[in-house]
Amino acid sequence: MSAAEGQQHPLSIYLWIWALLFVLSTFSYLVDYFQFQGLLRWNLIIIFMMLKAGFIVAIFMHMAWERLALITAILVPPLALLVLIAMMSIEGDYTYSARAKFFGVDEAPVVEHHNLKEH
């Protein structure tokens, strides 16, 4: 096979992934329909979102058939950002509780912003 021809993938794999994306989207909507609350809700939404994004990138963007160097160059920066966001989230909780302790209240004080159009 010459480089000009490119790879041909069976159509069935795209149909299976499309059906799987439909099922994952259905589960994602069911999370709202059954009105899950709290961390369970957000964890389910993020899990379904990441699964759908992963299948789209892997199959429809043909990343599953690319070289490891290209996969690494594309996937490592978003993963690094996710790690940094998680670290900021953890630090945010610490900062919030430290402010509450410093001010001697149960919750950290909230600054109220006044709308200038009301005055």
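The values are calculated or read from the model by the stated rules, or taken from the named source; none is laboratory data. What you see is a predicted model, and the numbers here were worked out from it, not measured in a lab. No Cβ is skipped: glycine too gets one built from the backbone with ideal geometry, and neighbour counts run over all protein chains shown.
Results, tabulated for the structure shown:
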{"item": "Subset of the stretch 23-41 that is in a helix (DSSP H, G or I) and exposed (fewer than 10 other Cβ atoms within 10 Å of the Cβ) - its residue that is modelled with the highest pLDDT", "result": "33"}
{"item": "Residue 12 being under 25 Å from residue 86 (Cβ atoms) and not assigned by TED's automatic domain parsing to the domain that holds residue 86", "result": "no"}
{"item": "Condition check for residue 67: of a type in the set (Lys, Arg), closer than 30 Å to residue 14 by Cβ and out of contact with any Phe, Trp or Tyr (no Cβ under 9 Å at 6 or more places or on another chain)", "result": "yes"}
